[in-house]
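Please read the structure below before turning to the comments.
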Amino acid sequence: NALAFTSFVAVRMWTEPTKTVLLVWAETSGCDDCRLWAIYTVNSMASNEDMRLDLWNDRAGPMFVRVSVAESECESVRFLGYEGLWEIAGSKDTQRLMWNSTDTQQTIMVGMSFKEVNPSAIRSVAFGVLWRLTTNPIIAKDTWQNDISVRKNVIRASRMTGSENILTRQFALGIMYEWSNPDLLLGAEMYSDNPLKQTIFTVAVNTEPWMRTCQLQAVGTLRNWAIQMRIILWQDGEGARDILLRVANYNSRQHQRARALAMCALQELSQARPNREPMWTNSRLVDTFNNGALDCDNVRSQECALAGIVWLATLPSNAVSMWSTNGTREVILYTAGKCNPFHAQAQKLAVAALQTLAETPENRKPMWFSRASFIVIRLANP
């Protein structure tokens, strides 16, 4: 096993007679420790991406499938079988081959089931195998459309409590995130599945440290939905809109990435023309964009906030109001005039906001007799 961790050596080990010795011992009862080391050694080889396709096609794949569902009293053997499938599922070359194998599909479903024969470690790694497979968009769509039981198991797993189930929960939420891929256009179907939607809402606002990865997956799912359903998400006042505004206003350093994702989701919502007037008249949203635009510690959040302001300014009535009142106007002027190489994109977006405001005739005279003209002239000089 120690030798198998080195890819150069592993390639040469997967030849006769060594590979046959490993495969024979992997399925020979009577010495569980021998079986464990044999399976573990093949797992170590599978951690080398260049070997995964050969391993899958050369008896290792079927071996992992068989030991994963074997009626063995040794749970460690089953666990290592699923772990081997996890390793092989990490390669794009093998994902479709695995999913096209009926035996492999059934093995994954057995591992994901909530039966007493499945301890939490086996269940978590089985969900992990499915998550790795659903990073392939074709498999993601197939798992959503063709197997209701998978959906139910994923939703159930995403609601599990207890630290021993955290990996299962992360993988389940990871599967949901892959389902929400904008290219798959499954957002509306997912949003209409109320248990799934409510799970995403609940996890998105969970600030417990041990739930941080889960929170990022949930907010990332909301962002993916925002790309597909801009009007629906904004109109869902007590659901998605409220949650995105809450997360976008978290000021803890531990939640900076979640905040950026939520801000980017709100920016996506601002791209829908019907949303721009109600978004500008929503003081909480305006304050969120203003605060985000000034947040120099979170560049991604800052850029998304300014991009949202630019989109809102494209509505002429918004543009007049935006320039004639303090708040957003001052945020734009401050950011446009601040030269900092780490925030160059934010500055460009602020200047784009000035340009958008200047496209509305009512703004041109007051803008010329303001600080905006000095900033624009200074930036125009090479």
> What dipole magnitude, in Debye to the nearest 20, does the chain give about its Cα centre under +1 on Lys/Arg Cβ and -1 on Asp/Glu Cβ?
Replying inline: 1420 debye
> For the chain, what is the mean residue ellipticity at 222 nm derived from helices alone (per DSSP H run of n ≥ 4: -39500 (n - 2.57); sum divided by total residues; nearest 500 deg cm²/dmol)?
Replying inline: -22000 deg cm²/dmol
> For the stretch 230-382, what does the alpha-carbon gyration tensor say about shape, rounded, prolate or oblate, given a ≥ b ≥ c as the root eigenvalues, a/c under 1.5 as rounded, and a/b over b/c as prolate?
Replying inline: oblate
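Is the shape of the stretch 39-153 rounded, prolate or oblate, going by the alpha carbon gyration tensor and its root eigenvalues a ≥ b ≥ c, with a/c under 1.5 for rounded and a/b larger than b/c for prolate?
Note, shape of the stretch 39-153 comes out oblate.
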> What angle do you read, to the nearest 10 degrees and between 0 and 90, between the alpha-carbon axis of helix 256-270 and the longest principal axis of the chain?
Replying inline: 60 degrees
>> Which cysteines in the chain lack any other cysteine whose Cβ sits under 4.7 Å from their own Cβ?
In response: Cys74, Cys214, Cys296, Cys339
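Cα gyration tensor of the stretch 14-92, axes a ≥ b ≥ c as square roots of the eigenvalues: rounded (a/c below 1.5), prolate (a/b > b/c) or oblate?
oblate
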>> How many angstrom lie between the Cα centre of the stretch 286-344 and the Cα centre of the stretch 138-181?
In response: 37 Å
> Taking the simple approach of a point 7 Å from Cα along Cα-to-Cβ for both Glu16 and Glu164, what is their distance in nm?
Replying inline: 4.6 nm
> For the stretch 300-376, which whole percent of the accessible surface, found with a 1.4 angstrom probe, sits on carbon and sulfur atoms?
Replying inline: 64 percent
>> Compute, for the stretch 291-382, the length of the dipole vector about the Cα centre, with Cβ point charges of +1 (Lys, Arg) and -1 (Asp, Glu) only. Units Debye, rounded to 20.
In response: 260 debye
>> So with the 1.4 Å probe, I'd like the accessible area per residue for the stretch 243-337, rounded to whole Å².
In response: 38 Å²
>> Per-residue counts of other Cβ atoms within 10 Å, averaged by peptide: what ranking do you get for 89-101, 366-378, 310-322, highest first?
In response: 310-322, 89-101, 366-378
>> Using a probe radius of 1.4 Å on heavy atoms only, what accessible surface per residue do you get for the stretch 79-139? Whole Å² is fine.
In response: 39 Å²
>> Below 8 Å, C-alpha to C-alpha, sequence gap of six or more: please give me the relative contact order for the stretch 229-382 in percent.
In response: 18 percent
>> I'm a student and want to see the number: the projected area of the Cα convex hull of the chain, averaged over all directions, in nm².
In response: 22.3 nm²
> Which GluC sites (Glu not before Pro) from the stretch 54-87 combine a DSSP loop assignment with at most 16 other Cβ atoms within 10 Å?
Replying inline: Glu71, Glu73
>> Using the Cα centre of the chain as origin and beta-carbon charges of +1 (Lys, Arg) and -1 (Asp, Glu), tell me which of Trp99, Ala262, Gln302 is placed farthest towards the positive end of the dipole.
In response: Gln302
>> Could you check the spin-label model distance between Ser7 and Asn340? Points 7 Å from the Cα along Cα→Cβ, value in nm.
In response: 4.0 nm
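To the nearest 0.05, how large is the calculated FRET efficiency for Cys34 and Arg257 if R₀ is 35 Å and r is the Cβ-Cβ distance? Please list the in-between numbers first.
Details: r = 45 Å, r/R0 = 1.28.
Computed FRET efficiency for Cys34 and Arg257: 0.20.
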> What whole number of Å gives the distance from the Cα centroid of the stretch 220-269 to the Cα centroid of the stretch 11-74?
Replying inline: 45 Å
> Which is farthest toward the positive dipole end of the chain among Trp56, Thr134, Ser373, measuring Cα position about the Cα centre, with Cβ charges +1 (Lys, Arg) and -1 (Asp, Glu)?
Replying inline: Ser373
> Given a 1.4 Å probe and every protein chain left where it sits, what share in percent of the accessible area of the stretch 148-295 is carbon and sulfur?
Replying inline: 47 percent
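The values are calculated or read from the model by the stated rules, or taken from the named source; none is laboratory data. Since we're looking at a predicted model, the values are computed, not measured. For neighbour counting, all protein chains shown are included, and Cβ atoms are generated from backbone atoms with ideal geometry for every residue, glycine included. With ligands, DNA and RNA removed, areas are computed over all heavy atoms of the protein, side chains included. Shrake-Rupley method; radii C 1.70, N 1.55, O 1.52, S 1.80 Å.
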